[in-house]
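Remarks on the structure that follows.
What follows is calculated from the coordinates using simple rules that are stated; it is not laboratory data. Everything quoted here is computed from the prediction, not taken from an experiment. Neighbour counts run over all protein chains shown; Cβ positions are idealised from the backbone, glycine included.
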């Protein structure tokens, strides 16, 4: 899963919703082109569905399983799908009322929400494409910031070669990283990786919360 997929998906869906909202405005005005505007709205609805299915629909199923540590990956992925399902259910329930209240403004509202989410994805979502699950611990252990760009610089300052967490790690980059320089998962056994993952996540507030929730039977 790549953050670029989410970024371009949000941009694509925003553009489609903007055009569909404008067409819907004119589709509600009686005239010789009313049917054409209505057909345009229907067509862009299909374009939106296709774009959503190819990008953001995959997010709750893939991305959480790539960023959670081994010991809570299954539960973290499950809870992410629960959150997605709740949000999906809310949108399904309120959309008819929104169309009744603000008509074509509903599409423009959703356009704005897609634009609104872009800074969060760009600034807060580390790039996982091309990296192993164990390598994710490098980011969370050494990043020290919620900002991916700042965390990448922090990792670089610690002498770790795998520090460009704002872009995909290509095979040639992976070979360079594994060429003998320091990386958390290099030349280590799976048992050592899992042990380090548990120890490093225990130091993080998010992990402590999940551990307490697990002990309470919530996870």
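Miscellaneous remarks
- Cα pair distances in the range 53-137, grouped into 5 Å bins until the bin that holds the longest one, percent each: 3, 12, 16, 22, 19, 12, 8, 5, 3, 1
- Extended-chain gain in nm, criterion 0.36 nm per residue less alpha-carbon gap, residue 150 and residue 101: 13.4 nm
- Gained length - residue 35 relative to residue 113, 0.36 nm times residue gap less alpha-carbon distance: 25.3 nm
- Distance between the 7 Å Cα→Cβ label points at residue 42 and residue 26: 1.8 nm.
- Working from the Cα coordinates of the range 107-146, the gyration tensor eigenvalues give, after taking √(5λ), semi-axes of 29, 12, 5 Å in decreasing order.
- Cα-based convex hull volume of the range 3-124 per residue, rounded to whole Å³: 92
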